[in-house]
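Right, one structure below, let's go through it.
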Amino acid sequence: GESVGLHLPTLSVQEGDNSIINCAYSNSASDYFIWYKQESGKGPQFIIDIRSNMDKRQGQRVTVLLNKTVKHLSLQIAATQPGDSAVYFCAEKLYYGQNFVFGPGTRLSVLP
Amino acid sequence: ETGVTQTPRHLVMGMTNKKSLKCEQHLGHNAMYWYKQSAKKPLELMFVYNFKEQTENNSVPSRFSPECPNSSHLFLHLHTLQPEDSALYLCASSQDRSSGGAADTQYFGPGTRLTVL
């Protein structure tokens, strides 16, 4: 079956720098995407979503970019803080479809 | 995170024990989910309930038995589990599964860390 994957299993960034976490998806029909953040000992927390009729969406310190041509999703975190240290994973599905397909996750470590 | 609560947070059980996991959502949602999260693997959907009716069983072994008495509560009854069932079990809820789109965005609880000896 088709799946969602992440290019980098781990990412280390310096505090204050910007972070970019990538996600590749293989189902070209997917048109709804979510980024989740999962801190140690906690459940996944919704960060931001995007539909395929958009190529960019901004939240507080986060931006999601969608490139449908190459089936690529990215999460940009501005001015990364220690509290951003977590596993980040993407999820995709058909907008009116049933189940999300979740990626395996990328661990973000913020260095002091 | 307080929108979806799960108890217990940690559970150790033997293979012959019977235990139950509890989930409660305070978001007014109508759909609830059980997921299994194992190390280094993506989230695996187990069960889905929409308006208290089970709409999906993702080929889960019968040693896992879900129960949804109302839209706010979800249980996962466990019996004669195997060591490979050790994982983080996550409950989630969404506004309305049948509408799709953003209404299906799932909000997760903190999970129950299960260890089967």
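Sort B:7, A:63 from largest to smallest accessible area, using a 1.4 Å probe on the heavy atoms of the protein chains.
On the way: B:7 75, A:63 20 Å².
The ordering from most to least exposed comes out as B:7, A:63.
Once you charge only the Cβ atoms, +1 for Lys and Arg and -1 for Asp and Glu, what is the size of the charge dipole of segment B:25-117 about its Cα centre, to the nearest 20 debye? Don't skip to the answer; put the middle values down first.
On the way: 7 positive and 8 negative charges, 49 e Å.
Using Cβ point charges on Lys, Arg, Asp and Glu, segment B:25-117 gives about 240 debye.
Over 28 Å, how big is the tail of the calculated P(r) for the protein assembly as shown, in percent of all Cα pairs? Let's see the in-between values first.
On the way: 8033 of 26106 pairs.
Tail of P(r) above 28 Å: 31 percent of Cα pairs.
Distance from the Cα centre of segment B:11-90 to that of segment A:39-96, in angstrom?
26 Å
Can you give the relative contact order of segment B:1-70 as a percent, counting alpha carbon pairs under 8 Å and 6+ residues apart? Could you put the intermediate results ahead of the total?
Values: 78 pairs, mean separation 14.4, N = 70.
Normalised by residue count, the contact order of segment B:1-70 is 21 percent.
My understanding is that a pair violates if its Cα-Cα distance is over 19 Å; which of A:42/B:22; A:37/B:36; A:37/B:19; A:68/A:93; A:68/B:36 do that in this structure? Please report the intermediate quantities before stating the final value.
Values: A:42/B:22 16 Å; A:37/B:36 17 Å; A:37/B:19 29 Å; A:68/A:93 14 Å; A:68/B:36 30 Å.
Where the Cα-Cα span goes over 19 Å, the pairs concerned are A:37/B:19; A:68/B:36.
Have a look at chain B and give its Rg and Dmax from the Cα atoms, expressed in angstrom.
13.4, 41
From other protein chains only, count the Cβ atoms within 10 Å of every residue's Cβ in B:43-52, then give the mean. Please report the intermediate quantities before stating the final value.
Details: counts 11, 1, 5, 0, 0, 2, 0, 0, 0, 0.
Mean partner-chain Cβ count within 10 Å for B:43-52: 2.
How much accessible surface area, in Å² rounded to 10, belongs to the heavy atoms of residue A:85 with a 1.4 Å probe?
50 Å²
The values are calculated or read from the model by the stated rules, or taken from the named source; none is laboratory data. The structure presented is a predicted model; accordingly, all values stated were derived computationally and were not measured. All Cβ positions, glycine included, derive from the backbone under ideal geometry; neighbour counts span all protein chains shown. Accessible surface is based on the protein model in full, side chains and every heavy atom, while ligands, DNA and RNA are left aside. Shrake-Rupley method; radii C 1.70, N 1.55, O 1.52, S 1.80 Å.
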